[in-house]
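Please read the structure below before turning to the comments.
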Amino acid sequence: MKDDRRHPLSDAHSDRESAAHVPDTPQTRAPSYRLAFADEDFLCRPELRPVRLQLELLKPELALDAHGIASTVVLFGGARIPEPAKKDSARTQTLAELSRFYDEARKFAKIMTETGDGNENVIVTGGGPGVMEAGNRGAVEAGGRSIGLNIVLPHEQAPNEYVTPDLCFNFHYFAIRKMHFLMRANAICVFPGGFGTLDELFEALTLIQTGRMQRVPFLLFGRAFWEKIINWDALSDAGTISEDDLDLFRFVETAEEAVDALNNWQDFSRREALPGR
């Protein structure tokens with residue numbers, strides 16, 4: 001983002017350019033002579049972690065502000081879920097059967113993008129394959145923008161082709177990435193997935209449960225899947241969560257059902273106390 005403010009001091013861009021053309025001497029070749037903000041080795045030192053955390057929070061924030069993104073609809077879900085046309089390549093029969101949620105995510109994102117104004121309720125995903133790809137794809141098919149919040153992983157990977165390029169970000173810190181998922185969230189929609197999806201699901205639910213985040217529509221696609229892998233009632237019966245906590249989310253099966261749930265969501269309050277404590 002260009003800084004149009006006028007001031008009499010040299011700016012960082014021009015000094016970086018000037019520093020790149022200084023005479024070649026033993027002194028100018030020394031790492032200590034590099035401008036601190038242009039020295040990648042310096043910025044990657046362990047002691048600079050607080051600075052890197054701040055930069056990773058600030059860069060996407062400034063970009064999203066510059067592009068007028070006021071609010072988002074978050075889509076979490078499995079990277080391994082294939083689109084129905086490719087379900088024969090799925091690793092398991094269960095993944096093949098879950099491919100229907102690729103289409104539901106795609107359809108849901110398309111509807112939300114069509115009914116939005118381009119700045120409100122913008123679809124945001126993790127930027128990868130599977131359900132994430134479906135969300136970004138649906139937004140493209142509606143002629144709109146969508147956000148991708150990627151993370152550096154050991155295996156080679158790239159953002160899916162449907163993320164809006166100017167709204168595609170790459171993260172080193174999972175924690176900062178999670179903050180960006182939720183800072184503008186008007187709704188959270190969770191599709192079947194694995195460890196990453198479960199992590200995002202419970203992180204967001206915990207923030208709402210503890211009053212650290214106000215309630216927003218929180219939808220779990222695929223009741224059969226979620227009730228098979230998580231015994232919600234057992235948590236309530238054991239007293240480790242409150243029965244009221246089971247009202248923080250709803251199950252849906254289709255894109256249309258999800259849109260209806262969002263449009264009729266009533267409670268946007270922030271908890272002042274934890275039930276059962």
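None of the figures in this text is laboratory data; all of them are computed from the coordinates on show. Treat the numbers as computed from the prediction; the structure is a model and nothing was measured. Every residue, glycine as well, gets a Cβ built from its backbone with ideal geometry; the counts of neighbours run over all protein chains shown.
Using every pair of alpha-carbon atoms in the chain, split the distances into 10 Å bins beginning at 0 and state the percent of pairs per bin, rounded to integers.
Calculated over all Cα pairs of the chain, the distribution is 6, 25, 30, 20, 11, 6, 2, 0 percent.
Full extension from Lys86 to Ala30: what is 0.36 nm times the residue separation minus their Cα-Cα distance, to one decimal in nm?
Full extension from Lys86 to Ala30 adds 14.7 nm.
Residue by residue, what Karplus-based ³J(HN,Hα) values in Hz, rounded to whole numbers, does segment 20-25 have, using 6.51, -1.76 and 1.60 with θ = phi - 60° and x for Gly and Pro?
Once θ is set to phi - 60°, the couplings for segment 20-25 become 6, 10, 6, x, 7, 9 Hz.
Taking all pairs of distinct Cα atoms, average 1/r, flip it, and tell me the Kirkwood hydrodynamic radius of segment 131-277 in Å to one decimal place.
For segment 131-277, inverting the mean 1/r across all distinct Cα pairs yields 16.9 Å.
Could you run the Karplus curve 6.51 cos²θ - 1.76 cosθ + 1.60 with θ = phi - 60° over segment 65-71 and give me ³J(HN,Hα) per residue in whole Hz, x for Gly and Pro?
Working through the residues one at a time gives 4, 4, 8, x, 6, 8, 8 Hz.
Got a sec? Charge dipole of segment 71-263, +1 on Cβ for Lys and Arg, -1 for Asp and Glu; which of Phe225, Gln93, Leu167 is way out at the positive end?
Selected residue: Leu167.
Could you tell me the relative contact order of the chain? Use alpha-carbon pairs under 8 Å, at least six residues apart, and round to a whole percent.
After rounding, I find 16 percent.
State the answer as a single residue: which of Ile69, Pro31, Thr206 lies farthest towards the positive end of the charge dipole of the chain, with beta carbon charges of +1 for Lys and Arg and -1 for Asp and Glu, about the Cα centre.
Pro31
Cα-based Rg of segment 60-108 per 2.2 N^0.38 Å, rounded to two decimals?
Its radius of gyration relative to the 2.2 N^0.38 Å reference: 1.60.
Chymotrypsin sites (Phe, Trp or Tyr not before Pro) within segment 220-277: which are DSSP loop residues with at most 10 other Cβ atoms inside 10 Å?
Phe268
Could you work out how much longer the chain between Glu227 and Ala19 gets when fully extended? Use 0.36 nm per residue separation minus the Cα distance between them, nm to one decimal.
So the chain would gain 68.8 nm between Glu227 and Ala19.
Among Thr25, Thr240, Thr113, which one moves the most in a GNM of the chain with springs linking Cα atoms closer than 10 Å?
Thr25
Whole-Hz Karplus ³J(HN,Hα) for segment 209-216, in order, using 6.51 cos²θ - 1.76 cosθ + 1.60 and θ = phi - 60°, x for Gly and Pro?
Taking θ as phi minus 60°, the curve returns 4, 8, x, 7, 8, 5, 5, 9 Hz for segment 209-216.
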